[in-house]
Amino acid sequence: MVARDASVLRNMKMSDSNMLGWAKDLFPIARSLTGNGVRQTFDYLKGINPEVITQSFETGTHVFDWTIPREWNIEDAYIEHVATGVRYAEFKRNNLHILGYSLPIDRHMDKAELLPHIYTQEDQPDLIPYVTSYYKDRWGFCMAHDDKQTLPDGEYRAVVKSALTDGELIVGDAKVQGQRDDEIMFSSYICHPSMANNELSGPVLSMALLKYVKDHYPKPRCSYRFILVPETIGSIAYMSRHLPEMQDRVVCGFNLSCVGDERAYSHVESRYANTLADKALCAALIGLDNVRTYSFLQRGSDERQYGAPGIDMPLCGFCRSKYGEYPEYHTDADNFNVVTQAGLDGAFEVMRSVIDAFEIGLYPKVRIKGEPQLGKRGLYPTISQKGSYSSIRTRMDFLAYADGSNTLFDIATLIGAPLSMVLDEARIMLEHDLISCDSNKNAL
Amino acid sequence: MVARDASVLRNMKMSDSNMLGWAKDLFPIARSLTGNGVRQTFDYLKGINPEVITQSFETGTHVFDWTIPREWNIEDAYIEHVATGVRYAEFKRNNLHILGYSLPIDRHMDKAELLPHIYTQEDQPDLIPYVTSYYKDRWGFCMAHDDKQTLPDGEYRAVVKSALTDGELIVGDAKVQGQRDDEIMFSSYICHPSMANNELSGPVLSMALLKYVKDHYPKPRCSYRFILVPETIGSIAYMSRHLPEMQDRVVCGFNLSCVGDERAYSHVESRYANTLADKALCAALIGLDNVRTYSFLQRGSDERQYGAPGIDMPLCGFCRSKYGEYPEYHTDADNFNVVTQAGLDGAFEVMRSVIDAFEIGLYPKVRIKGEPQLGKRGLYPTISQKGSYSSIRTRMDFLAYADGSNTLFDIATLIGAPLSMVLDEARIMLEHDLISCDSNKNAL
Amino acid sequence: MVARDASVLRNMKMSDSNMLGWAKDLFPIARSLTGNGVRQTFDYLKGINPEVITQSFETGTHVFDWTIPREWNIEDAYIEHVATGVRYAEFKRNNLHILGYSLPIDRHMDKAELLPHIYTQEDQPDLIPYVTSYYKDRWGFCMAHDDKQTLPDGEYRAVVKSALTDGELIVGDAKVQGQRDDEIMFSSYICHPSMANNELSGPVLSMALLKYVKDHYPKPRCSYRFILVPETIGSIAYMSRHLPEMQDRVVCGFNLSCVGDERAYSHVESRYANTLADKALCAALIGLDNVRTYSFLQRGSDERQYGAPGIDMPLCGFCRSKYGEYPEYHTDADNFNVVTQAGLDGAFEVMRSVIDAFEIGLYPKVRIKGEPQLGKRGLYPTISQKGSYSSIRTRMDFLAYADGSNTLFDIATLIGAPLSMVLDEARIMLEHDLISCDSNKNAL
C-alpha cells in the first residue's frame, strides 16, 4: 500500500483551486480514523496550503468522555476460495472492501463461518457499502450483496493484513489571523476511504476557501479557522484542546460535508436554528435551486459535536445533497459521477458569499436621515410613472433595512433577495459613501 | 332524600384507585353548589384520601366580587297531571329533572302557566338537559323536549320540596408537602348532579393522582395541592382565602374536567398559552390519538377563574373530550356509557407523566462536554452503517437538548418524542450518571 | 389658470365633514410639488380647519440629503397640429396632459421629434397617465396611447407656458394639544393634480379627522398632528425641521393615501410590522371586508420616509385600495367614479376607532380579582344552559385580557373581535367601574 500511495502522491497536480483535481488525487488513499492514509492526506493538503498544521493525540489519551483508539493500518485484504484460488473482496481493487478497523486475520474456514463477517447493503445489492467497527474488535469484509450471494461453496481463506497498534490520531487546522479575533470556522473530514462526496468534497472546498481568503483579503477583517479531522473522535479531540479559544473567538461556523454534487443545497440547522451561521446560510441560499432545510434532529455529521451542550459552537451544517439523502452515500458509487466541478463550484460560491459579507462588514448602516436622494447620483430613475419604482426595489429595500441593526444576511432574508445581490448593493452604496459597514451591531 | 343518600353511602366500595367504581358510587348523589350532596360527596372522598380537608364559607360572605349564595337543599320534585295523577319530571327518577337552585313551590296551575317553567334542549329532544339558575330566583323543571311536547292538556300541580336557607358553601383541598415548596396543583368540581363525565371524572382522577403521589413518592421533590370546589363561586371563594399562598407556591396547575371518555385528549390553553402547565400538557399529549388544542377563548371551566387577570395561576385545562364538545354534555346521557375505566386511565397516564417529570427533576443537564461515548456503556450500536444511527435517535436527541435550559417537557416537544419515552431516557441517563436533573434551570 | 382657480374657490361649500364635497371642490386645482396649486389647496383647507398652518422652504435649501427644487407654475400647454390647427393634450381640458415639472417650450417641430416627448401608458391605452420629471429637466406631454397613435403626420407646435423659478416649497400641519404630549399623527399629500383617490382622499380624510377630534374631544387625552405635504421632498423637508420633536412625541402615525374607494381596506406595514400603529390598524380592520396586508417591501408612499432608518416613526400606511393596486391609479380615470362618500366614510370609521381607543385610554385593566360577578349587574345571563355562555363571549374575553398589559388593539386581535365592539365593551365596563383605562401599560 505504501508503494501505491507514493505513486498517487507523485501524480498530484497542485493546480490553483482545482477542487475536482485535488479530490481525484486524494481519492485512492485508504483513509480511516487513524493511520498512514490520514498522514498522506495531510501531506497533500499542506502542499496546497502550507498553513495547514497537524497535531497528534496518542492512543489512550482521554478527550472529554472519549479515549483515543489504537492506530489502524492496513496493507492488504481479500477472501480466497481455496479450491479455485479465486479472490473476492480485494482491498487492492477497492478499499471499501475492508471493514473499517478490521482486526488482522489469516485463517481457513468454511463458507458458513465466513458469511457473518461479510457486510452488505441489501437494499442496494450491487454496491459495496462502507462499514466500520471503530470501537469494537471485529474482523470483516464489505461486498455487494449480489456478489455475496454468488460466492461458491467450499473452504475459504480470509486474509486481513492490518495492524492495530498504539499510535496516534491526527487532526489538522489552518488559521488566518485577521484584524479582529472574531473567527469564521469551517470543519470537514479526512477519515473516509475512496468516496468522493463523503468525504473528499469537504476538505477540497475548505482548501479552496482558505486560498480564496488569502488571495482576496490579504489583510482580512475577520480571522478564519479551517479544521480537518476524523469524524466524531477527531472533533472531540480537537475541541478537548482548543475549546476555550474557540468559544472565545468563533462567531460563525460551518460543518462542510457532501458538498460536491449538483442536486441540492442543504442547510442542517444548529440546535436552536438561531446562530449567525444559520442566518448566514439561509441568506446565502436564497434564489438557488432545490434548497433544503433539515432540522438539528436530522443531523449526523460533526454538527453533533460542535452543537452539543457545553460546546455550543455557533455552527450549522452545509451540504449540497445531504449525507444519507443521496443514493450513492456510503457506497462505492460515491465517486466522480456524483462529484463534479460544477457541484463543488456551487458550494464554493455559497461559502464565498458568506466570507465576503464578513469582509465587507456585517452591519450596513445608512449615513443620512430619510431616503437618500439617489437620483442626483444616477442611482434612481428620473421619470416617475407607474412601475418605475419596481426596477430599483432591491436598492431601496436594502437601504430601508440598513439601519445598523441587521446583518447583511438579515437584510437578504428580510427583503427576499439573494445574498450576492445584497452584497453588490452594499458595495455600490459604500462607493457612494451612503452607508458604513461595521462588524458590530449599531456602530456609529 | 337523606334516606336515599345514606343507602348510597352504604354501598360504596373503597377500592384502591378504582376510579370507575368511585365514580359509580358518587353518581346518584344530588350535588349542587351547596347543600347535603356536597357534604356527602366530600365524606366519600375523605374515605379515599384522608388528606382531603373541607372549609366553609357562610352565606352572604363576600369573596372577591362575589357573594356566597344561600344553601340549597332539595327533597323531592315532580309535576302531577291532576286529572290522571300521572307524574312527570320526577326528581326521584333523575335529579336532572329539577332546575338547579329552584325555589320551592306547591301550586295548581294550568298547562299554559306551567310550560315556561319547563326547560328543554330542543336540538337534543330526547335528553334531559342540565340547567341551573344559581343567581336569580326561579322555579322550574327540566325535561326531554319530546316529553314536554306530549304533556296532556289540563290542570297540573307543580311540586318542588326545596329549601333555600342561610347556610354554607363547602370547598375542599388536599395538600402534600414535598422537599420544595413549589406546588403542582389540580382542581376539579363537586357541584354537578348525576352526570358522569362532567363532573365525576375530575374528582376521581384527582383522588387517584393523590394516591399515586403518596404511594410512589413518599418523600416527593415537589409539593401538591388538589382542590375540589363547586364551579366558579367555589374557586373564587377558595382563592379569596388562599391566593397569596397559591401565587407564591403554584408553578404548574391543571383544571381537570371531563376526563373520563375515550374519544380525545384536549388541552385548553392558558390566557397566553405560555405557562409551564401548557408546556407540560403539550409534551404529555405527544403521540396520543386525537389530541385537540383549544385556545383560552374556548375556555368554560375554572380556567376562567384561575386564569383571570390578577389571579394569573400558571394553569391550563385538561379534558378527554372537552366540555361542550361531546354530545352527551350537560344531559342525562352523560353516564357510564361515556365514562369508562379506559378513558379515566388514559387521563391518569397523562397527568402521571407530568408528575413523574417533576419528580425526576425538570431540567436534565449533560454532565460532560460533547456527545458522551455511549458505545462503551452498551448504549450505542457498535457497527456503523447506513441507518444504524436512526435506531438511537431519541437517545441522542434527548442528550442534545439536555443542556440545562430545557425542561423534560421542552425536550419532548423539541424532539417530537412522547413524554413517557423522554422520561425513560432520562432515567437511563441518570443511571449511567451522564446527566443531572435539577428542578431549577441551568443548575450546576 | 389663476382665473379658473379663483372661480373654483368661489364655488367651495364649507359643509361640515362633507369629505366628498371638499374633494370635488379641490379636484380641478393643478397641484404639483410646488406652485400656486399648492397655495390654493392650503387656502381651501384652512377654510375647513383654521388650525392648518403652512411653512415654507426656499428653493435650494438643503433638507437632509435633498435640495428644495425650483418652484414650478404652469399657465397653459398644448400640442398644435400646424396644418389643421387642431390641438392635442390640452392642459386646460385635463391637467394630467402636462408632464409634471415640464420645462417651458414654444417651438415648431416635425412629428418624429415630438413623439419621444409624449408619455403614454401602453397597457391602458385609453387613459391619460400621470407622469412627472421632478428632478431632471425635460419637457413633455401625457396622452392616451390610443390618441398618440392617431396623431396626424406633419408639423407640430409644442407649447408649454410654464415657469421654473426660485421660489418655495410649502408644507402644512395642524396640531391639537392634549393633556398628554403623546401624539397621534396623520400624514397625507397635496401635490397631485386632478386625481381623486390619489390624492384628494387623503387630505379630506385628514380634515374630517381633525374636525372629529375638535368636536368630540374638546379636552383630548392625547395630542394630534395632521401633516400635509408634497410627497417625498415634502415629508423630508418637514422632518428636517421637526424630527426631534416628532421622535419625542409621536407614538402612533398613519400615512393616509388612496382612502376613498369602496373596494378594500389596506394596511401597509411598517419596517418591522411591529409599531403601535400596525397593531392599531390590524385591530381596526378586524371584521371588515376585503382586508389586505402589504409588507413594508410593498411600500411606495411616505411610509418610505417616515419609516427610513434614523427616522423610525411608529407609522404604517392606511389605504382603501392601495396605490398601484387599482386600475385607475395615476391616470385620469382616478375620479369620482372611484372615490365615493361611502368609501371615504369607511376609511373615516377605521381611523376614528383608533382615535377613540386612544381617548378611552389604551390599557384597560380589571379592578377586581377573578371574574367579576356580571350577573348581579345585569350583564350576564341568569340561566345557565348549554350555549348560554357563548352570547357574552366577547365581554368575558375582553375582561380576561384586560389585565393592564394589553392595549385595546391587542385585545381586539387576541379575542378576534372588531375594535369597535371592544371599545363598546370598554365603555360599558368603565360605566360599571369594573375597569380602569390608562394611557400607560400596567398602571395602577
Percent accessible area from carbon and sulfur atoms, chain C, protein chains only, probe 1.4 Å: 48 percent
Ellipsoid equivalent to region A:117-215 - semi-axes via the Cα gyration tensor, in Å: 40, 18, 10
Cysteines without a disulfide-compatible partner [chain A; Cβ-Cβ under 4.7 Å]: A:Cys142, A:Cys191, A:Cys222, A:Cys252, A:Cys282, A:Cys316, A:Cys437
C:Glu431 accessible area, assembled protein chains, probe 1.4 Å, Å²: 150 Å²
Base-10 log of normalised Debye intensity for region B:283-350 (one unit scatterer per alpha-carbon) at q = 0.18, 0.21, 0.28, 0.29 Å⁻¹: -0.85, -1.07, -1.30, -1.32
Largest-first ordering by accessible area, 1.4 Å probe, given options C:Asp410, A:Asp345, B:Asp153: B:Asp153, A:Asp345, C:Asp410
Area accessible to solvent at A:His242, 1.4 Å probe radius, in Å²: 30 Å²
Directionally averaged projected area (convex hull, Cα atoms, chain B), nm²: 23.6 nm²
Furthest towards positive pole of dipole, A:Ile74, A:Leu399, A:Asn95, structure part the protein assembly as shown, Cβ charges: A:Leu399
Inter-chain shielding of A:360-370 (mean C-beta neighbours from other protein chains, 10 Å cut-off): 4
Under 5 Å, built H, 5+ apart or other chain: amide partners of B:Ser266: B:Arg292, B:Cys319, B:Arg320
Listed residues A:Tyr272, A:Leu288, A:Val160: farthest to the positive end of the dipole of chain A (Cβ charges): A:Leu288
Contact surface C-A: accessible area buried, both sides summed, square angstrom, 1.4 angstrom probe: 2600 Å²
Quarter of the Cα convex hull surface for region A:346-444, i.e. its orientation-mean projected area (nm²): 6.7 nm²
Cα-based Rg / Dmax (Å) for region A:71-165: 12.3, 35
Ratio of the Cα radius of gyration of region A:218-270 to 2.2 N^0.38 Å, where N counts its residues: 1.38
Counting all C-alpha pairs of the protein assembly as shown, share separated by more than 52 Å (%): 49 percent
Translational D in µm²/s for region B:180-277 (Stokes-Einstein at 20 °C, 1.002 mPa s, Kirkwood Rh from C-alpha pairs): 147 µm²/s
Shielding of C:65-77 by partner chains, average beta-carbon count, 10 Å: 2
Angle between chain C longest axis and helix C:276-285 axis [Cα atoms, degrees, rounded to 10]: 90 degrees
Estimated 222 nm signal from helices in chain C, with DSSP H stretches of n ≥ 4 weighted -39500 (n - 2.57), rounded to 500: -9000 deg cm²/dmol
Between helix C:341-360 and chain C: long-axis angle, C-alpha atoms, 0 to 90°, nearest 10: 40 degrees
Signed unit charges on C-beta, dipole axis of the protein assembly as shown, positive-most listed residue A:Gly324, C:Gln124, B:Gly35: B:Gly35
Relative contact order (%) - criterion: Cα under 8 Å, at least six apart; region: region C:79-208: 28 percent
Under 5 Å, built H, 5+ apart or other chain: amide partners of A:Gly100: A:Val131, A:Thr132, A:Ser133
With Cα atoms, 0 to 90° folded angle of helix C:201-216 axis to chain C main axis: 40 degrees
Sequence-distant residues sharing a close amide H with A:Asp76 (under 5 Å, placed H): A:Lys161
For chain C: relative contact order, % (alpha-carbon pairs under 8 angstrom, 6 or more apart): 15 percent
Rel. contact order, % - alpha carbon contacts under 8 angstrom, at least six apart, region A:362-438: 49 percent
Accessible area (Å², per residue) of region B:362-438, counting only protein heavy atoms and a probe of 1.4 Å: 37 Å²
Threshold 50 Å² - residues in region A:292-311 whose accessible area is reduced by that much or more when the chain is no longer isolated, probe 1.4 Å: A:Leu297, A:Arg299, A:Arg304, A:Pro309
For region B:76-132 versus region A:283-330, the gap between their alpha-carbon centres in whole angstrom: 70 Å
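The values are calculated or read from the model by the stated rules, or taken from the named source; none is laboratory data. What you are looking at is a predicted structure, and each value in this text was computed from that prediction instead of being measured. Positions of Cβ are generated from backbone atoms using ideal geometry, with glycine treated the same way; all protein chains shown enter the neighbour counts. Heavy atoms of the whole protein, side chains included, go into the accessibility calculation; ligands, DNA and RNA do not. Shrake-Rupley method; radii C 1.70, N 1.55, O 1.52, S 1.80 Å.
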